[in-house]
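A.B. asks: Below is the structure I would like to discuss, written out as structure tokens.
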6 protein chains.
Amino acid sequence: MVYLTRIERFNAAHKLFVPAWSEEKNKEVFGKCANKNWHGHNYKLHVTVKGKPDPVTGFVIDVKVLSQLIKDVIIEKVDHSNLNLDVDFIPKGILPTTENLIIAFWKELSPKLNNCELHSIKLYETENIYAEYFGE
Amino acid sequence: MVYLTRIERFNAAHKLFVPAWSEEKNKEVFGKCANKNWHGHNYKLHVTVKGKPDPVTGFVIDVKVLSQLIKDVIIEKVDHSNLNLDVDFIPKGILPTTENLIIAFWKELSPKLNNCELHSIKLYETENIYAEYFGE
Amino acid sequence: MVYLTRIERFNAAHKLFVPAWSEEKNKEVFGKCANKNWHGHNYKLHVTVKGKPDPVTGFVIDVKVLSQLIKDVIIEKVDHSNLNLDVDFIPKGILPTTENLIIAFWKELSPKLNNCELHSIKLYETENIYAEYFGE
Amino acid sequence: MVYLTRIERFNAAHKLFVPAWSEEKNKEVFGKCANKNWHGHNYKLHVTVKGKPDPVTGFVIDVKVLSQLIKDVIIEKVDHSNLNLDVDFIPKGILPTTENLIIAFWKELSPKLNNCELHSIKLYETENIYAEYFGE
Amino acid sequence: MVYLTRIERFNAAHKLFVPAWSEEKNKEVFGKCANKNWHGHNYKLHVTVKGKPDPVTGFVIDVKVLSQLIKDVIIEKVDHSNLNLDVDFIPKGILPTTENLIIAFWKELSPKLNNCELHSIKLYETENIYAEYFGE
Amino acid sequence: MVYLTRIERFNAAHKLFVPAWSEEKNKEVFGKCANKNWHGHNYKLHVTVKGKPDPVTGFVIDVKVLSQLIKDVIIEKVDHSNLNLDVDFIPKGILPTTENLIIAFWKELSPKLNNCELHSIKLYETENIYAEYFGE
């Protein structure tokens, strides 16, 4: 079993804000991340699949195919977007934290992989913060 | 003459959108950067000062003092902000491109430096795009 | 289960030197790392916790809280320190290798986490050397 | 159990080309990677071993010893090489994809480690593509 | 005057080998870089232009236009190529050292820029080696 | 004229402490950098030379020769050293700040270069602090 990872990037706006709470409670819990006019990040996304390398091509998956799939399924929708408002596969009422984003990305990407299996989704929000999800 | 650089970071939302233009013309010129719901970046800011090292301390400037000044004058106002809406020192009608941001930062920071001179402001918008300004 | 990581940094001096050995034996085993006048590193520390994201906030843990905890418990004591002499929670007689540091950090940090569990501590000593510990 | 990683680098040429196929089929499957005149990469290799730190030295393994072993067994043979033509331990007929390289590296390195065990081999082909192997 | 930089990447094979010299002399001067079967690198290219930001768009140049121009004029020809054999704009008899590559890139790119001026071409051959050219 | 840069690294201890001052004044001016038991850094050194590429080899200078010279003249003496105590070419009474180190490195390296000229010495003390010197 070999684990193959492709990294893609996107830039997006978001805010952490629970509409059911007062502005004060949002500021208290989320600090500057609750700024009503949004802020944003350069996100860096690691997608890892696992499988046995094909005996002829030596590929677990053709990494160009994996890259295109990630772009079609995820990047196309999140790049230069507002993660609270613009992305159809992020359920309304779900805050776009790094944790929730990778669970949503897993649900989109996992069923579309053939011949190899999704192993993990890792997402850097900044150089110093990242989250990882293994599907359960 | 020694050149000393301090790097600081901030995360912000923006869009590139000329209100006097139609939505179509904005899309045509700015592409996805014109998304009306904003997008955002992790910005990385290099501030370079120049001077002669003090014969006793060996400092052009105490880098902790420089860091605090950059935070007070710039980062405090732009971090977790919307660069089109929230920043008092970015003139209305000026689009927050990397180029325009560094000119605005220079105007804020340059007069507040004592004993050493501002040499350059460099700003990374993404890993692959940066702009630099030397004050003229 | 989602794994969330926060990275913090510190700068410290150390040496690898067993007092019970001769200077020759120390040089033979540890090479330049045994220099009696110390050397030092910019350390980069990854702390990974695991848990289920809160259904309202979307947080495994508020990353600002995690960052402050790491600073209070570890960084405050090791930053700009001498790892052989200055750190109360590193037992005397234990050399401050990357391996031993992460075990000591785990013991300090693990009992202080609420609502989520410590998963791993990873420490870069240089760009090319790191060690990781999962608590057992 | 502590996991210790050493990173080494090498620069090499390769192409992805199945001799039994036509040039057209090679282009179709491998795209520009099939260029008959080769292309190349700066590879970055992570070797992770696991073990219990020695109670006196604090080492799972002396990282200088690990580094020298990786250089002797792998880097010496692959650095500034053509991975399709020059490396005795890559079987003829096996394409030098990232996946196949790490399996070949594992077979070379694993039997030569004493007192600690090989845990994983990870190889970056570019900043955005890496593969990892755990020996089975 | 603002300086704007766009970074692009390419992967290529090359060797440093003077055909008029014996194999021994080539090995003596170029070491492992003279390997007759080639080696290769992940190159990282910084292209810096200078100009006055447009008062409406805030652009020295639209960075997407600059990126496309670099791809059309340079990357398309050098990516996944053999720099000694495949690139029409590198004169025969000119070794593809980092120094010679940036001079050749300058000649291709400089005449194709409108409304702003090429300021510098910087090329990383490895993480630890780069060369820069300012056109004279 | 082409500018060629080689990066080398070293790890060292130091403190910022003026012996003529009280411990209080040292703490006041230098903060944690004055810790009497030292601290340390992974330093990253950029050495840039300039010259005309040789028409046959394409080299401003053979980068392996430049690397060996930097190692012989600087790295050998500063790596795994105490910069206040161990380095013969840093004058006593001169604090080993980043600013003073690059001036001292310039004096050592500049006279030993043949056929090309030293252009600049740049030194990173941390990821976020660097200083650069052009010889005057």
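The values are calculated or read from the model by the stated rules, or taken from the named source; none is laboratory data. This structure is a prediction, so every number in the text was calculated from the model and none was measured. Because the Cβ atoms are built from the backbone with ideal geometry, glycine has one as well, and the counts that use them run over all protein chains shown. What goes into the accessible areas is simple: the full protein's heavy atoms, side chains included, and nothing from ligands, DNA or RNA. Shrake-Rupley method; radii C 1.70, N 1.55, O 1.52, S 1.80 Å.
A.B. asks: One decimal, nm, shortest first: give the distances between the label point of F:LYS25 and those of the same position in the other copies, each label point 7 Å from Cα along Cα→Cβ.
C.D. replies: Distances between equivalent label points, in nm: 4.6, 5.6, 6.5, 6.5, 8.3.
A.B. asks: Using only protein heavy atoms and a 1.4 Å probe, how much accessible area in total is buried between C and D, to the nearest 100 Å²?
C.D. replies: Counting protein atoms only, the buried area is about 1700 Å².
A.B. asks: Continuing with this model, one more query. In Å, the Kirkwood hydrodynamic radius of region E:55-102 over pairs of distinct alpha carbons?
C.D. replies: One decimal place: 12.6 Å for the Kirkwood radius.
A.B. asks: Another question about this same structure. Return the calculated 222 nm mean residue ellipticity for chain B, to the nearest 500 deg cm²/dmol, obtained by summing -39500 (n - 2.57) across DSSP H runs with n ≥ 4 and dividing by the residue count.
C.D. replies: -6000 deg cm²/dmol
A.B. asks: Which FRET efficiency value, to the nearest 0.05, is calculated for A:GLU136 and C:PHE134 with the Förster distance at 25 angstrom and r the Cβ-Cβ distance?
C.D. replies: 0.85
A.B. asks: A follow-up question, please. So what are the three principal axis dimensions of chain E from its Cα atoms, in whole Å, longest to shortest?
C.D. replies: Principal extents (largest minus smallest coordinate, Cα): 60, 25, 23 Å.
A.B. asks: While we're here: Estimate the FRET efficiency between C:LYS50 and F:SER110 by the formula 1/(1 + (r/R0)^6), using the beta-carbon distance for r and 35 Å for R0, to the nearest 0.05.
C.D. replies: Given R0 = 35 Å and the Cβ-Cβ separation, E is 0.05.
A.B. asks: Can I ask one more? One-quarter of the Cα convex hull surface for the protein assembly as shown, in nm²?
C.D. replies: 35.2
A.B. asks: Using a label position 7 Å from Cα in the Cα→Cβ direction, what is the ascending list of nm distances from A:GLY135 to the same site in the other copies?
C.D. replies: Taking the point 7 Å beyond Cα along Cα→Cβ, the inter-copy spacings are 2.5, 2.5, 5.4, 5.8, 6.0 nm.
A.B. asks: Follow-up. Just add up the charged neighbours of E:VAL63: K/R +1, D/E -1, any other residue whose Cβ is under 9 Å from the Cβ of E:VAL63.
C.D. replies: 0
A.B. asks: Something else about it: Provide A:LYS92, B:LYS36, E:LYS112 ordered by accessible surface of protein heavy atoms (probe 1.4 Å), highest first.
C.D. replies: Output order, biggest surface exposure first: A:LYS92, B:LYS36, E:LYS112.
A.B. asks: So what's the net charge close to A:GLY51: Lys and Arg +1, Asp and Glu -1, counting the other residues with Cβ under 12 Å from its Cβ?
C.D. replies: -2
A.B. asks: While we're here: At a 1.4 Å probe radius, carbon and sulfur cover how many percent of the accessible area of the protein assembly as shown?
C.D. replies: 51
A.B. asks: Suppose every Lys and Arg Cβ carries +1 and every Asp and Glu Cβ carries -1, with no other charges. What dipole size does region E:2-133 come out with about its Cα centre, to the nearest 20 debye?
C.D. replies: 40
A.B. asks: May I pose another question? Using per-residue counts of other Cβ atoms within 10 Å, averaged over each peptide, order E:38-49, D:79-90 from highest down.
C.D. replies: E:38-49, D:79-90
A.B. asks: Between the label point of C:ASN37 and that of the same position in each other copy, find the distances and list them shortest first in nm, with every label point placed 7 Å from Cα along the Cα-to-C-beta direction.
C.D. replies: From this label point to the equivalent ones elsewhere in the assembly: 2.0, 4.8, 5.4, 5.4, 6.1 nm.
A.B. asks: Defining a contact as two alpha carbons under 8 Å apart and six or more residues distant in sequence, what relative contact order in percent does chain C show?
C.D. replies: 30
A.B. asks: A further question follows. Which pairs, out of A:LYS77/B:LYS32; B:LYS15/E:LYS71; D:LYS25/E:LYS36, put more than 18 Å between their alpha-carbon atoms?
C.D. replies: B:LYS15/E:LYS71; D:LYS25/E:LYS36
A.B. asks: Take F:VAL65 and D:TRP21, extend 7 Å from each Cα along the Cα→Cβ direction, and tell me the distance between the two endpoints in nm.
C.D. replies: Placing both labels 7 Å beyond Cα along the Cβ direction yields 4.5 nm.
A.B. asks: How much area per residue is accessible in region C:15-105 when the probe is 1.4 Å and only protein heavy atoms are counted (Å²)?
C.D. replies: I get 41 Å² per residue for region C:15-105.
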